[in-house]
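Visitor: Can you read through this structure? Questions will come right after.
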Amino acid sequence: MESHMRAIVMDSFGSAEVLKLMDITRPAPSDNQVLIEVFATSVNRPDLVQREGNYPPPAGESEILGLEVAGEIIEIGKDVTGLRLGERVAALVGGGGYAEFAIAHPECLIKIPDLMSFEEAACICETYITSYLNLFRIAHLETKNTVLLHGGGGGVNTAAVQLCQVLAPEATVVVTASARKAKEVEAMGVNYVVDYQQTSFEKEVARITQSRGVDVILDHVGASYLQSNLRSLAIEGTLLIIGVTSGSRAEINLGTLMVKRQKICGSVLRSRSVAEKGCIINDFRQKVCPFFESRQIIPTISEVFSLDQARDAHLMMEEGRHFGKIVLRVKGS
């Protein structure tokens, strides 16, 4: 077996220009891991943050960017059972996705349905699992009435909309989006789209809910949205913070929080233990994967780039020109 592979590496932090395609040593799986030949991976917002030097990988994880891969198992550690060589899998990884080969824990694998392409499968693990974890395992949206999703058009948002439609079909879904993405969000079948650049989402939520507020908010913006989020949240509502693109420090009125019995939950998937990820993914396999198999959920792909076009893919995300997921085709690129 060859000992080298192509991968996107960085010799410093900075703009997309630091991304370089190079030949490096192929990783070797431990006794409780598998080695995957990567056919496709995808670009996620944390990749950009890591590239800028603000999101180091957890201890022991690869320094290479990429949080999810899709491909075939080509090597199995001696302590791993229930898997076979050549099996098509998608994997949640702590790093290492932008490469021809990646190691993964069996607990973090999802078998790819026969009708799903590798490019589609590369979209599942980071965004759909993040959305499922927050909206349904933490906030229990299936028992609630209304949800506000920020960032219409992003990978997490498009995944969240689809999950709401199959797991909480009675819930009213409100999405914030820019004017240029509003029509595409509307086409997904959400109840309300708010152009956050022209309208206060706080006022629109009050209008839509007759001042009651929404039960759940999924937010990646952070500091600048905190006050408006809390004012838009219903009594006993839950605010889920999964990103801080506008900053990480803000003040809150604890008195209002107490009176309205609201909950603020910070949530990150990457830093969780393998055992905890495995528990979440096992639940995801049972509750969500059947919808991929039946094609009731088809990942929304904005564009597919080759691995050597990783810079262009990052620029597309930075400039907000995507709707859904940005994929890197590795095998055959």
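The values are calculated or read from the model by the stated rules, or taken from the named source; none is laboratory data. None of the values given here were measured: they were computed from a predicted structure. Cβ coordinates were reconstructed from backbone atoms using ideal geometry, including for glycine residues, and neighbour counts include every protein chain displayed.
Visitor: Would you mind telling me which numbered condition in (1) more than 25 Å from residue 199 (Cβ to Cβ); (2) modelled with pLDDT under 95; (3) crowded, with 20+ Cβ neighbours inside 10 Å residue 142 fails?
Guide: Single failed check for residue 142: (3).
Visitor: Still on this model: With the structure loaded, tell me whether residue 234 is more than 17 Å from the chain's Cα centre (by Cα) and more than 18 Å from residue 139 (Cα to Cα) or whether it fails that test.
Guide: Details: more than 17 Å from the chain's Cα centre (by Cα): yes; more than 18 Å from residue 139 (Cα to Cα): no.
Criteria not met by residue 234.
Visitor: Test of understanding: among 96, 151, which residue is on the phi > 0 side of the Ramachandran plot and outside the structural domain of residue 180 (by TED's automatic domain parsing)? It would help to see each step written out before you state the result.
Guide: Details: 151 fails: outside the structural domain of residue 180 (by TED's automatic domain parsing).
None of the other options fit; the residue is 96.
Visitor: What are the residues in region 71-86 that are of a type outside the set (A, V, I, L, M, F, W, C) and outside any loop (DSSP other than H, G, I, E, B), if any? Talk me through it step by step, then tell me what you get.
Guide: Step one: list which residues in region 71-86 are of a type outside the set (A, V, I, L, M, F, W, C), which gives 71-72, 75, 77-79, 81-82, 84, 86.
Passing the criteria: 71, 72, 75.
Residues are listed down the side, and each one gets a yes or a no for (1) assigned to a helix (DSSP H, G or I); (2) crowded, with 20+ Cβ neighbours inside 10 Å; (3) in contact with a Pro (Cβ under 6 Å, 6 or more places away or on another chain); (4) in contact (Cβ under 8 Å) with a residue 24 or more places away in the chain:
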| site | (1), (2), (3), (4) |
| --- | --- |
| 175 | no, yes, no, yes |
| 184 | yes, no, no, yes |
| 189 | no, no, no, yes |
| 194 | no, yes, no, no |
| 205 | yes, yes, no, yes |
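Visitor: Which one of 288, 327, 216 is over 17 Å from the mean Cα position of the chain (by Cα), at pLDDT 95 or above and aliphatic (A, V, I, L, M)? Steps first, please.
Guide: Values: 288 fails: over 17 Å from the mean Cα position of the chain (by Cα); 327 fails: over 17 Å from the mean Cα position of the chain (by Cα).
The match here is 216.
Visitor: Grab the helices (runs of 4 or more DSSP H) fully contained in region 216-327, keeping just those with 2 or more residues being surrounded by fewer than 14 Cβ atoms within 10 Å (Cβ to Cβ), of a type in the set (A, V, I, L, M) and without any contact (Cβ under 8 Å) to a residue 60 or more places away in the chain. Spell out the reasoning first.
Guide: Working: elements: 226-232, 254-259, 274-287, 289-293, 310-318.
Fully inside region 216-327 and qualifying: 254-259.
Visitor: Still on this model: Got a number for residues in region 150-172 being β-branched (Val, Ile, Thr) and either over 15 Å from residue 217 (Cβ atoms) or assigned to a loop (DSSP other than H, G, I, E, B) (or both)? Show your work before the answer.
Guide: To start, the set of residues in region 150-172 that are β-branched (Val, Ile, Thr) comprises 156, 158, 161, 166, 172.
Restricting the remaining residues to those that are either over 15 Å from residue 217 (Cβ atoms) or assigned to a loop (DSSP other than H, G, I, E, B) (or both) gives 158, 166.
Final tally of qualifying residues: 2.
Visitor: Given the residues 82, 66, 53, 77, which is the only one that is touching a helix residue (DSSP H, G or I) at 6+ places or on another chain (Cβ under 9 Å), of a type in the set (Gly, Ala, Ser), under 25 Å from residue 24 (Cβ atoms) and surrounded by fewer than 22 Cβ atoms within 10 Å (Cβ to Cβ)?
Guide: Numbers: 82 fails: under 25 Å from residue 24 (Cβ atoms); 66 fails: surrounded by fewer than 22 Cβ atoms within 10 Å (Cβ to Cβ); 53 fails: touching a helix residue (DSSP H, G or I) at 6+ places or on another chain (Cβ under 9 Å).
Only one candidate qualifies: 77.
Visitor: Restricting attention to region 306-333, which residues are of a type in the set (A, V, I, L, M, F, W, C) and within 14 Å of residue 41 (Cα to Cα)? Even if it seems obvious, please write down each step before you answer.
Guide: Applying the first criterion (of a type in the set (A, V, I, L, M, F, W, C)) to region 306-333 yields 307, 310, 313, 315-317, 323, 326-328, 330.
Result: 307, 310, 313, 326, 327, 328, 330.
Matching residues to (1) modelled with pLDDT under 95; (2) of a type in the set (Lys, Arg); (3) in a strand (DSSP E or B); (4) surrounded by fewer than 22 Cβ atoms within 10 Å (Cβ to Cβ):
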site	(1), (2), (3), (4)
115	no, no, no, yes
119	no, no, no, yes
127	no, no, no, no
148	no, no, yes, no
